[in-house]
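One structure below.
The values are calculated or read from the model by the stated rules, or taken from the named source; none is laboratory data. Treat the numbers as computed from the prediction; the structure is a model and nothing was measured. Reconstructed Cβ throughout: ideal geometry from the backbone, glycine too, with neighbour counts over all protein chains shown.
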Ligand code: HSE
């Protein structure tokens with residue numbers, strides 16, 4: 001084992017909201033809802049799924065996390081064939097909140113830490129983007145904050161910005177799942193030049209707004225013509241949220257990632273939160289009033305975080321003292 005290798009590590013990774021309206025496959029933000037991935041060297045591979053939101057995944061070597069960890073070991077030229085893997089996640093699956101990106105980034109980060117962190121974070125980002133196929137969830141999951149990113153099939157680039165301090169979000173999570181593959185299959189192969197220009201001008205404005213802390217332009221800057229209109233038939237209530245959320249106290253709204261969750265951006269110090277909650281619940285519940293979970297999620301400035309045994313000890317001691 002290389003120097004710095006550890007017997008057991010735990011990674012914490014945030015949920016993410018990708019696209020943010022116009023920034024399809026390019027922009028994303030980390031949110032304060034987390035998944036934890038723990039890895040240890042073992043004699044036989046086991047995968048423990050802890051908590052309701054991790055259930056249903058394979059518990060043997062066919063688990064995605066095992067394969068991802070092995071990719072890190074291969075790249076570093078190290079052999080760790082058997083792993084004890086544990087997953088706990090508060091991020092709902094297949095809802096557009098980056099659960100798979102969190103799993104990928106958590107497995108990469110934990111595997112890298114287990115063998116003494118030979119790979120730099122930007123290399124983890126490159127591997128994560130290659131696995132996910134687009135960088136807009138894995139970027140903020142890894143780096144935290146607001147991330148603008150590109151992936152050309154070989155190279156991944158990103159710029160990270162701190163989220164504006166007064167920004168918070170309200171997410172409305174429907175009870176049904178929507179697979180990213182299905183939401184991508186609804187998109188046209190080609191878009192018009194007018195729609196391309198529409199989106200790139202909004203994506204540029206939105207990025208500049210985050211850089212300058214200009215929350216006042218979000219309503220117009222979050223408009224999109226290249227994915228949300230095509231996905232709206234799969235997400236009852238989305239059109240109404242996009243059209244009316246700003247009239248009910250939101251700064252702007254979008255489909256979160258590939259959906260079906262809708263996300264509203266909100267000025268934390270503005271006072272219309274109850275009105276927005278009622279609106280989002282009614283709109284996303286559809287005509288039949290389907291179940292919708294509402295969560296207030298502040299942006300997470302921190303992305304992948306490795307919890308060392310020393311940090312855990314410090315947490316426990318703080319817990320004892322309180
Ligand atoms: N940009 C991707 C999409 C995000 O909208 O399909 C999904 O993870």
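Which number in (1) away from the ligand (no atom under 16 Å from the Cβ); (2) farther than 16 Å from residue 220 by Cβ; (3) without any contact (Cβ under 8 Å) to a residue 24 or more places away in the chain marks the one condition that residue 185 misses?
If we test residue 185 against (1) away from the ligand (no atom under 16 Å from the Cβ); (2) farther than 16 Å from residue 220 by Cβ; (3) without any contact (Cβ under 8 Å) to a residue 24 or more places away in the chain, just (1) comes out false.
Is it the case, given these coordinates, that residue 85 is more than 29 Å from residue 246 (Cβ to Cβ) and in a strand (DSSP E or B)?
Answer is yes for this residue.
When the residues of segment 149-165 are narrowed to those that are within 22 Å of residue 264 (Cα to Cα) and surrounded by fewer than 24 Cβ atoms within 10 Å (Cβ to Cβ), which ends up farthest from the ligand (Cβ to nearest atom)?
165
Can you tell which of 87, 78 is within 22 Å of residue 16 (Cα to Cα) and away from the ligand (no atom under 16 Å from the Cβ)?
87
Would you check if there is a residue in segment 185-203 being in contact with a strand residue (DSSP E or B) (Cβ under 7 Å, 6 or more places away or on another chain), buried (at least 18 other Cβ atoms within 10 Å of the Cβ) and modelled with pLDDT of 95 or more?
Checking segment 185-203: at least one residue is in contact with a strand residue (DSSP E or B) (Cβ under 7 Å, 6 or more places away or on another chain), buried (at least 18 other Cβ atoms within 10 Å of the Cβ) and modelled with pLDDT of 95 or more.
Of the residues 110, 103, which single one is more than 12 Å from the ligand (Cβ to nearest atom), more than 21 Å from residue 17 (Cβ to Cβ), in contact (Cβ under 8 Å) with a residue 12 or more places away in the chain and not assigned by TED's automatic domain parsing to the domain that holds residue 182?
Just one listed residue meets the conditions, 110.
State yes or no: is residue 259 within 16 Å of the ligand (Cβ to nearest atom), buried (at least 23 other Cβ atoms within 10 Å of the Cβ) and touching a residue at least 60 places away in the same chain (Cβ under 8 Å)?
yes
For residue 243, work out the one condition from (1) surrounded by 14 or more Cβ atoms within 10 Å (Cβ to Cβ); (2) more than 13 Å from the ligand (Cβ to nearest atom); (3) closer than 21 Å to residue 279 by Cα it doesn't fulfil.
(1)
Residue 134 passes all but one of (1) in a loop (DSSP other than H, G, I, E, B); (2) within 16 Å of the ligand (Cβ to nearest atom); (3) over 25 Å from residue 228 (Cα atoms); which number fails?
(3)
Do we find a residue being within 14 Å of the ligand (Cβ to nearest atom), modelled with pLDDT under 95 and surrounded by fewer than 21 Cβ atoms within 10 Å (Cβ to Cβ) anywhere in segment 214-236?
No, segment 214-236 contains no residue that is within 14 Å of the ligand (Cβ to nearest atom), modelled with pLDDT under 95 and surrounded by fewer than 21 Cβ atoms within 10 Å (Cβ to Cβ).
Determine whether segment 166-182 contains at least one residue that is surrounded by fewer than 18 Cβ atoms within 10 Å (Cβ to Cβ) and in a helix (DSSP H, G or I).
yes
Could you pull out the residue among 144, 139 that is modelled with pLDDT of 95 or more, surrounded by 19 or more Cβ atoms within 10 Å (Cβ to Cβ) and at positive phi?
144
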